[in-house]
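Reading through the structure tokens given below for one structure.
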């Protein structure tokens, strides 16, 4: 996958993770007991306070996030010895040879295992019980879809080290496991120049193009481009929003979303592909009138027998494919009326340009 496309895919995954309900503060619950740590010896609880042993058979099914001493934590992915994590049968996340933890924004169905050792047995079974667990990577942390256990078992957690929390320096960002120096990673990119709306014809279909003014050498950014129009009551109506790595967006004049006579605008902002949440202020285009205009727009024509010239100008191409196939001339009819009477005093057919 090309670098720009991969970076956009990563940015969209991060945006999707941010929009996942289970990643929001109200979408999951916290498991904060420090006894869940893989380093906690449960034998101490069995001797002093057996009522405090963790038994997740009464755990309500749902999404959970692990925290130990106010530090983010994750389920371990290696076998945990018995009598740890505040319980007798600790539960850990088993990854097969071909399995990995989900990437940012990704959801995976994995399997957890419970460790147990029978009395008088010299060996332990790291995976005596199997429990399905769904894992979502929310970008900065994992959330787990957990269910009640069959007996007195407990889900384990391991606090994330400082090196894993901050693997890169303050002026670096992580890309595919490598730290890449980027001095402006924490600062928003500068806003783009004023976007321009132009019209083009693509296979006999009319499109408006919102072209963003940006440096052609900057290929580490993406764009959020939004289209809107003014209603007859001068109320702004949003038509479309697009996230793209290309410095333009197309909107078809289909007679539904975009109609003849509409006054349309587009706005553009820039974001870093590696940090999609860091984006610039939006810049708006000038108003573009999609239709036919009279030049000058207002003119007084007296009924004095003299000839007056007015200029008719179309801001969009007039497409007549059905007439072209029949070898007929494509025309527009214009009718002028007096102010106080519905009296036609000038009638003409103007041939149109077929763009």
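Computed from the coordinates by the stated procedures, all read-outs in this text should not be read as laboratory data. Remember, predicted model here, so these are calculated numbers, not experimental data. Backbone-built Cβ (ideal geometry, glycine too); neighbour counts: all protein chains shown.
What the table below lists for this structure:
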| read-out | value |
| --- | --- |
| Ranking of 144, 155, 308 by count of other Cβ atoms within 10 Å, fewest first | 308, 144, 155 |
| Förster radius 30 Å - calculated FRET efficiency between residue 119 and residue 69, Cβ distance, rounded to 0.05 | 0.30 |
| Rotationally averaged projected area of the range 180-293 (alpha carbon convex hull; nm²) | 8.2 nm² |
| Three principal axis lengths of the range 45-103 [C-alpha, angstrom, descending] | 42, 23, 23 |
| The range 193-290, relative contact order in percent, only Cα pairs under 8 angstrom and at least six apart counted | 31 percent |
| Extension gain from residue 160 to residue 29, taking 0.36 nm per residue of separation minus the Cα-Cα distance | 45.3 nm |
| Gain on full stretching of the segment that runs from residue 95 to residue 306 - 0.36 nm per residue minus C-alpha separation | 67.0 nm |
